[in-house]
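First the structure, in the form of structure tokens, and then the observations on it.
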Amino acid sequence: MDELIISPEKEELRNHLRLLQKEVAELVSIKDSLLSHEGPALSAQYLEAVGSLQYDLFVLQTEVKKLQLEISLIQSYINKNSAIDFQQVTEKVKKAAEAYQKIIEEKAEQLKAAKELLSMPILSEEEKHQLVELYHAIVKKLHPDIHPHPTEKEKELFVQAQNAYKSGDLESLKVIATQINSNDEIPQKTDFLQKEIKHLQKICDKLKKDIEALENQFPFTQRRFLGDPFKIEEKRNELNHLIDNAKRQKEEYQKYVNALKLWKPGLLN
């Protein structure tokens, strides 16, 4: 009989818990949206706007550094008045450039992925709203921080929901939503309520910090830049100027390398 009677204090705890469950679900949805949708979209837009120019500049700067190293290595032979071992010079330059080459390959893959992402079908605003609302509802029902003792089926459904949300698969989310138990009953024991409230408050605080940290890093810091065509054009002009300078620098170093390669032992005598 006592279990059927809910005191005002206990009802206040239950209401507090419901609010925290709702807040956790909202914060999880926001964080996942940043990581799965807005973040990749902003990165792709940034790469499309200036990424290819930054890539070209990095490749040229790498070529300049390789030439500078080649000059230094050849000069060391000349200073000793020794025959230049061109094979050894080439191998050392190649070895030193491996890390840069890896970065170049990674940047090329990022550009390719950005083009693919931007060419994919885009959900309408209404579909995006449905996607977020559905995922929010599913998170509230299945997220382990809100429901720490899920069944195996619920675990599987939540993983499926996460994957569907990341890929923007609205139809799959709709199917998953129909398979979820709608029971929202909250246990009435005071110690359980207090423990869950404390646990969810910690989760809320952490999610807020995570979201704040994301907002203060790339690509989210580029929202204003990407929304300003004049800023984008200004950045593109700046990069084109740097590219032109790097091309001239590369040509000058290449001429110097070619001149050094004509050196023979004994010319210093």
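The values are calculated or read from the model by the stated rules, or taken from the named source; none is laboratory data. On a predicted model such as this, the values are computed, not experimentally measured, just so you know. Virtual Cβ from ideal backbone geometry, glycine too; neighbours counted across all protein chains shown.
Might you let me know whether the stretch 117-127 holds any residue that is within 28 Å of GLN254 (Cα to Cα) and not basic (Lys, Arg)? Among the residues of the stretch 117-127, not one is within 28 Å of GLN254 (Cα to Cα) and not basic (Lys, Arg), which makes the answer no. Would you check if LYS166 is touching a residue at least 60 places away in the same chain (Cβ under 8 Å), in contact with a Ser or Thr (Cβ under 7 Å, 6 or more places away or on another chain), in a helix (DSSP H, G or I) and surrounded by fewer than 17 Cβ atoms within 10 Å (Cβ to Cβ)? Yes; evaluated as a whole, the condition is true for this residue.
Take LEU13 and tell me if it is touching a Ser or Thr at 6+ places or on another chain (Cβ under 8 Å) and assigned to a helix (DSSP H, G or I). It would help to see each step written out before you state the result.
Numbers: touching a Ser or Thr at 6+ places or on another chain (Cβ under 8 Å): yes; assigned to a helix (DSSP H, G or I): yes.
Considered against the rule, which asks whether it is touching a Ser or Thr at 6+ places or on another chain (Cβ under 8 Å) and assigned to a helix (DSSP H, G or I), LEU13 comes out as yes.
State whether the residues of the stretch 157-166 include one that is within 25 Å of LEU42 (Cα to Cα), among the hydrophobic types (A, V, I, L, M, F, W, C) and at pLDDT 95 or above. Scanning the stretch 157-166 turns up no residue that is within 25 Å of LEU42 (Cα to Cα), among the hydrophobic types (A, V, I, L, M, F, W, C) and at pLDDT 95 or above. When LEU53, LEU60, LEU67 are checked against the criterion of being crowded, with 17+ Cβ neighbours inside 10 Å, in a helix (DSSP H, G or I), at pLDDT 90 or above and in contact with a Phe, Trp or Tyr (Cβ under 7 Å, 6 or more places away or on another chain), LEU67 stands alone in meeting it.
Given the condition aliphatic (A, V, I, L, M) and either over 30 Å from SER29 (Cα atoms) or modelled with pLDDT of 90 or more (or both), answer yes or no: does some residue in the stretch 112-130 qualify?
The initial filter retains those residues of the stretch 112-130 that are aliphatic (A, V, I, L, M), namely 113-114, 117-118, 120, 122-123.
Filter once more, so that each one left must be either over 30 Å from SER29 (Cα atoms) or modelled with pLDDT of 90 or more (or both): none.
No, the conditions are met nowhere in the stretch 112-130.
Remark: ILE203 falls outside the filter, which requires a residue to be assigned to a helix (DSSP H, G or I), within 24 Å of the chain's Cα centre (by Cα), modelled with pLDDT of 95 or more and of a type in the set (A, V, I, L, M).
Residues of the stretch 222-269 that are assigned to a helix (DSSP H, G or I), among the aromatic types (Phe, Trp, Tyr) and surrounded by 11 or more Cβ atoms within 10 Å (Cβ to Cβ): PHE225, TYR253, TYR256.
Each residue in the stretch 118-150 was checked for being more than 20 Å from HIS199 (Cβ to Cβ) and assigned to a loop (DSSP other than H, G, I, E, B), and 5 pass.
For the stretch 78-104: of the residues being touching a residue at least 24 places away in the same chain (Cβ under 8 Å) and in a helix (DSSP H, G or I), which is nearest to TRP263 (Cα to Cα)? Spell out how you get there, then give the answer.
Initial filter on the stretch 78-104 (touching a residue at least 24 places away in the same chain (Cβ under 8 Å)): 78, 81-84, 86, 93, 96-97, 100-101, 103-104.
Now drop any that are not in a helix (DSSP H, G or I), which leaves 78, 86, 93, 96, 100-101, 103-104.
On the way: ILE78: 8, PHE86: 12, VAL93: 19, ALA96: 24, TYR100: 29, GLN101: 30, ILE103: 34, ILE104: 33 Å.
Among them, the one singled out is ILE78.
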